[in-house]
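The values are calculated or read from the model by the stated rules, or taken from the named source; none is laboratory data. Remember, predicted model here, so these are calculated numbers, not experimental data. For neighbour counting, all protein chains shown are included, and Cβ atoms are generated from backbone atoms with ideal geometry for every residue, glycine included.
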Amino acid sequence: MSDILVSEQSASGPGGSGRPSGRLLEVDDLRVEFRTRDGVAKVINGVTYHVDAGETLAVLGESGSGKSVTAQTIMGILDTPPGFVTGGQVRFHGKDMLRMSDEERRRIRGEGIAMIFQDALSALNPVFTVGFQIAEQFRVRRGMGRAEAKKRAIDMLDQVKIPNAKGRFNNYPHQFSGGMRQRAMIAMSLALDPEVLIADEPTTALDVTVQAQIMDLLAELQRERQMGMILITHDLGVVADVADRIAVMYAGRIVEEADVYDLYAKPAHPYTMGLIESIPRLDEKGQQLRTIKGLPPNLMNIPPGCPFNPRCPMAQPVCRETIPPLLQVGNARASACHFAEELVNRV
Amino acid sequence: MGRYLLRRLLQLVPVFIGTTFLIYWLVWAVPGDPFAGKCGERRCPDQYIAFMTEKYHLDQNVFVQYFTYMKNLLQGDFGQTFSQREISDIILTSYPNTLKLAVVALAIEAVIGLGAGVLTGLRRNGFLDNLVLVSTLFLIALPVFVVGFVLQWLLGVQWGIIKPTVSSEMRWSELIVPGFVLGSASVAYIARVARTSIAENRRADYVRTAIAKGLPMRRVVGVHLLRNSLIPVVTLLGTDLGALMGGAIVTEGIFSINGIGRQVFRAIITKESATVVGIVVVLVLVYLLMNLLVDLLYAALDPRIRYE
Amino acid sequence: MSDPSTASIVSTPGAHPTDSAAPATAGQPQSNEKPRGLLADAWRDLRRKPLFWISATLIVLFLLMAAFPALFAPGGDPETGALSRSLNKPSAEGWFGYDVQGRDVYARVIYGARASIQVAVLSVLGTLLIGGTMGIISGYRGGWVDALLSRIADVFFGLPFVLGAIVILTTFNGSGSGNSKNKIMGLVTASLIVLSWPVVMRLMRSSVLSTKEADYIVAARALGAGTGRIILKHLLPNCLAPLLVYGTIMVGSFIGAEATLSFLGVGLKSPVVSWGIMISDGQQFVRVAPGLVFFPAAFLVTAVLSFVMLGEAVREALDPKLR
């Protein structure tokens with residue numbers, strides 16, 4: 001499989017408007033595979049995206065599309081084995097993190113790049129108080145004393161709008177409600193004032209009403225702190241208000257990348273179209289919901305050609321033979337479809 | 001918490017009575033003539049028989065006997081041996097020795113077992129992992145008397161590294177090998193439980209979080225991973241302390257340690273019924289209380305567990 | 001495959017073998033792509049393990065030894081000796097040498113397998129039967145029955161194992177040594193069972209409790225299946241795996257326990273031939289003839305190890321988490 005074209009794309013790719021190396025965080029042609037007893041699964045097959053200070057990139061995809069694995073690779077928390085990085089770079093301020101020493105990488109975690117996990121209940125250590133887990137960072141990373149660290153931790157809990165922050169400092173994670181727990185998780189990840197925040201499905205485990213509150217909080221904090229944010233989600237509804245750009249992933253590749261407005265108005269990839277059409281809409285009440293037929297490919301045995309071709313309503317013979325590279329279509333957007341131009345130019 | 005404790009204590013009572021009654025019944029009532037073989041080869045002197053019958057109400061049924069005995073016991077009266085020695089004396093002189101041995105065994109379990117478990121749990125399938133797996137298998141499979149006998153023979157007799165038996169002073173250094181023998185199977189269990197626990201928790205989400213926070217590996221493992229993985233290990237150690245003190249018969253016999261196990265064995269063989277029951281009562285009590293303590297410890301270690 | 005993220009990626013839904021999918025539905029054809037049950041999976045895993053084959057082979061050897069000792073020591077006589085050969089060193093004639101009474105140690109070690117293994121296997125069967133039954137009743141019935149049986153189990157569990165066995169054996173094995181061979185063996189077996197059944201009961205009870213509320217059991221009950229049928233057809237097959245593993249390991253530890261009791265002089269006694277008795281008898285001559293202790297101990301340890309190893313191998317194969 002030779003889809004190196006994608007990496008050549010990155011320089012002139014979407015959003016690449018004249019800032020050659022000033023990028024905050026760049027993922028460049030990243031490749032990851034999982035070696036299991038049953039075979040090798042190619043989980044990430046040349047992913048390229050970037051995020052700059054003050055902007056939010058949403059990475060959209062079904063489970064198994066590789067969006068979380070990409071994030072784990074950036075953070076350096078990929079389980080090895082079974083996961084192995086087989087190619088590409090992850091550059092932070094232009095420096096490839098995959099070639100850094102363990103110590104160098106550790107220093108970036110928390111201070112440079114921080115992460116919020118999907119399920120705060122399992123992501124927080126059950127046997128330590130929430131306060132301890134936040135204050136721990138001030139003590140270990142900033143060398144603060146116990147009292148000062150506690151003060152700062154309570155301040156962080158306040159910033160994420162946890163009522164009675166002082167009183168809750170000594171509570172354990174299981175004593176928090178789901179929404180409060182996710183707020184605590186956010187407080188913890190922001191403690192060291194990171195430049196980039198990766199939020200991996202931050203609202204999936206929550207009630208719908210709480211979801212909106214958490215997303216609002218995240219958006220607010222991102223604006224205030226001018227962070228770069230990578231928002232990983234499978235929910236198109238979540239991203240619309242928050243994201244500046246959206247990258248859609250399928251079978252370990254970026255299949256489309258565009259501004260939020262462009263993407264919603266005129267998707268340039270049949271997969272994105274399918275996703276948008278499968279959102280239930282009030283004005284089409286009563287009609288049958290449209291879905292994408294079939295299942296994502298088995299990553300141990302990805303079909304030749306475009307990985308989406310077996311499910312694609314527009315598939316042509318060429319789709320079964322050649323992998324479409326991620327190419328620029330129109331203004332500041334890219335699509336990995338042989339028929340991207342037609343899709344964009346349709347009326 | 002208080003109510004839970006009370007309920008558990010109340011639950012202990014029938015178990016305590018059941019176990020001690022079982023032993024009482026076995027040593028006093030089952031053999032028919034309670035004095036058969038109790039005074040060596042000869043028949044017991046009439047005076048002694050009369051005294052014991054009076055003291056233990058042997059002319060009444062076993063339930064009356066048992067509860068009279070228990071009543072005396074609760075007042076601190078363990079009774080006397082047939083040579084008129086106070087049984088409480090025997091217990092008081094031998095129990096500290098067993099406790100000392102058990103503490104050494106526990107320390108060895110904690111250091112070796114936990115050390116091996118943590119190292120192999122972090123690095124599975126390496127050389128060390130396989131070595132520990134094989135050696136724990138051996139320790140679990142070998143009966144204690146074989147381990148004790150072999151170590152005593154090799155280290156004590158053949159190579160002369162240790163003295164084959166422990167002196168009456170019970171120096172700590174002398175107790176290392178007997179302590180290892182006593183705890184040999186438990187060392188293996190601790191190592192395996194710790195290994196599994198570490199290996200399971202190592203992939204836990206909160207460990208990932210701790211790494212993502214940029215904590216040094218030392219702290220991720222030493223604080224976040226260990227604290228969670230230790231919960232089953234600590235409870236196992238606690239239960240073991242209760243069990244060790246009852247299981248020291250073989251070890252104490254091999255290394256000639258004047259402990260409770262050796263005393264109870266001697267008492268059983270010489271048909272010293274009063275001594276047997278007295279010691280068993282103490283052992284069972286300690287065992288049950290240790291188990292209760294472990295339950296409480298469990299709640300202290302894992303904040304998610306609250307007893308109501 | 002334990003990593004959740006890989007699991008969701010590499011498998012199509014329904015292809016994962018689960019606990020409930022295995023024995024209960026094994027009889028029906030499944031339309032999944034891979035019609036593998038838990039047991040078939042475990043067997044596939046087991047076949048590849050050298051540890052499994054080594055221990056299984058050894059166990060077969062020991063069982064043969066127990067059943068047909070003459071096969072291994074043709075013409076050997078474990079009981080009569082000639083004092084002229086007392087404490088002779090190993091030779092072509094007597095491979096393992098001769099003991100203080102001039103008896104052939106090799107023949108004795110071979111013939112010793114019978115008593116040790118017989119006692120261990122019978123005790124395990126008894127323990128599984130009693131403990132298993134109690135556990136099923138306790139777990140299935142619940143309520144006061146459970147409370148009562150659990151307390152009774154606690155009573156026996158509270159007795160330290162060696163201590164309890166010594167008391168029982170000295171009480172019933174009396175002063176006289178005139179007890180017949182079968183009676184002593186029966187007593188040792190009985191005392192092992194009496195002191196071990198609570199463990200099996202707890203195992204079975206928790207196993208029943210955890211499967212009792214499983215959807216397919218509830219469904220069977222809703223369809224009107226009787227208690228007996230539910231236990232036999234649904235509960236038992238699911239609880240069997242841990243019981244099987246524990247039983248195998250227990251055979252090993254009971255061989256060791258029997259030897260311990262014989263070593264202490266309260267278990268089997270001469271003229272019965274067993275490894276424990278040989279070690280006990282031989283220890284006073286260990287300086288002049290270490291073989292008297294070494295050979296029975298080696299057989300004892302090997303036998304215990306093979307059963308424990310087999311149990312471990314089966315457990316690992318049955319535990320999908322360890323794959």
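Brief remarks on what is shown
- Any hit, the stretch B:161-168, residues being within 14 Å of chain C (Cβ to nearest Cβ) and free of Cβ contacts under 8 Å to residues at least 12 places away in the same chain: no
- Evaluated against (1) over 14 Å from the mean Cα position of the chain (by Cα); (2) more than 13 Å from chain C (Cβ to nearest Cβ); (3) among the aliphatic types (A, V, I, L, M), B:A204 falls short on exactly one condition, (2).
- When the stretch A:29-40 is limited to residues that are within 17 Å of A:I254 (Cα to Cα) and not β-branched (V, I, T), the one that is farthest from the other protein chains (Cβ to nearest Cβ) turns out to be A:D29.
- Screening A:A251 against (1) surrounded by fewer than 23 Cβ atoms within 10 Å (Cβ to Cβ); (2) touching a Pro at 6+ places or on another chain (Cβ under 9 Å) leaves a single unmet condition, (1).
- Candidate set: the stretch C:133-167, residues that are closer than 27 Å to B:L244 by Cα and touching a residue at least 60 places away in the same chain (Cβ under 8 Å); chosen: the one farthest from the chain's Cα centre (by Cα): C:I166
- Residue check for A:Q159: in contact with an Asp or Glu (Cβ under 6 Å, 6 or more places away or on another chain), surrounded by fewer than 20 Cβ atoms within 10 Å (Cβ to Cβ) and closer than 24 Å to A:G54 by Cβ: no
- Taken over the stretch B:1-27, residues that are surrounded by fewer than 16 Cβ atoms within 10 Å (Cβ to Cβ) and of a type in the set (G, A, S) amount to 1.
- Residue that is at pLDDT 90 or above and away from every other protein chain (no Cβ under 14 Å), where the choices are A:I162, A:I154: A:I154
Every residue, every condition in (1) over 13 Å from A:D200 (Cα atoms); (2) surrounded by 23 or more Cβ atoms within 10 Å (Cβ to Cβ); (3) in contact with a strand residue (DSSP E or B) (Cβ under 6 Å, 6 or more places away or on another chain), yes or no:
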{"position": "A:G76", "(1), (2), (3)": "yes, no, no"}
{"position": "A:D79", "(1), (2), (3)": "yes, no, no"}
{"position": "A:V85", "(1), (2), (3)": "yes, no, yes"}
{"position": "A:Q89", "(1), (2), (3)": "yes, no, yes"}
{"position": "A:S101", "(1), (2), (3)": "yes, no, no"}
{"position": "A:A114", "(1), (2), (3)": "no, yes, yes"}
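- Residue tally, condition within 18 Å of A:K67 (Cβ to Cβ), in a loop (DSSP other than H, G, I, E, B) and touching a Lys or Arg at 6+ places or on another chain (Cβ under 8 Å), over the stretch A:235-280: 2
- In the stretch A:6-39, the residues that are modelled with pLDDT under 85, of a type in the set (A, V, I, L, M, F, W, C) and under 26 Å from A:L78 (Cα atoms): A:V6
- Test result for C:V273, within 20 Å of C:T189 (Cα to Cα), more than 13 Å from chain B (Cβ to nearest Cβ) and surrounded by 20 or more Cβ atoms within 10 Å (Cβ to Cβ): yes
- The set of residues in the stretch B:209-251 that are within 11 Å of chain C (Cβ to nearest Cβ) and buried (at least 20 other Cβ atoms within 10 Å of the Cβ) comprises B:G242, B:L244, B:M245, B:G246, B:G247, B:A248, B:I249, B:V250, B:T251.
- When C:M278 is tested against (1) touching a Leu at 6+ places or on another chain (Cβ under 6 Å); (2) within 13 Å of another protein chain (Cβ to nearest Cβ), exactly one condition is not met: (1).
- A:Q182 being part of a helix (DSSP H, G or I), more than 12 Å from every other protein chain (Cβ to nearest Cβ), under 19 Å from the mean Cα position of the chain (by Cα) and touching a residue at least 40 places away in the same chain (Cβ under 8 Å): yes
- Residues satisfying the stated conditions in the stretch A:197-234, i.e. crowded, with 21+ Cβ neighbours inside 10 Å and closer than 23 Å to A:G94 by Cα: A:L197, A:I198, A:A199, A:M227, A:G228, A:M229, A:I230, A:L231, A:I232
- Any hit, the stretch A:193-206, residues being polar (S, T, N, Q), more than 17 Å from the chain's Cα centre (by Cα) and modelled with pLDDT under 90: no
- In the set (1) surrounded by 15 or more Cβ atoms within 10 Å (Cβ to Cβ); (2) within 13 Å of chain B (Cβ to nearest Cβ), A:Q175 fails one condition alone, (1).
- Scan of the stretch C:264-278 for residues that are under 21 Å from the mean Cα position of the chain (by Cα) and not aliphatic (A, V, I, L, M), ordered by number: C:G267, C:S274, C:W275, C:G276
- Pairing each residue of the stretch C:168-185 that is more than 14 Å from every other protein chain (Cβ to nearest Cβ) with any residue that is buried (at least 18 other Cβ atoms within 10 Å of the Cβ) and modelled with pLDDT of 75 or more, provided the two are 6+ apart or on different chains, yields C-beta distances under 7 Å for C:K181/C:V272; C:I184/C:L268; C:I184/C:V272; C:M185/C:A115; C:M185/C:V119; C:M185/C:L268.
- Checked against the criterion of being away from chain C (no Cβ under 14 Å) and modelled with pLDDT under 85, the candidates A:L299, A:L236, A:L231, A:L295 yield just one match: A:L236.
- Scan of the stretch C:273-323 for residues that are outside any helix (DSSP H, G or I) and under 19 Å from C:R103 (Cα atoms), ordered by number: C:V273, C:S274, C:V286, C:R287, C:V288, C:A289, C:P290
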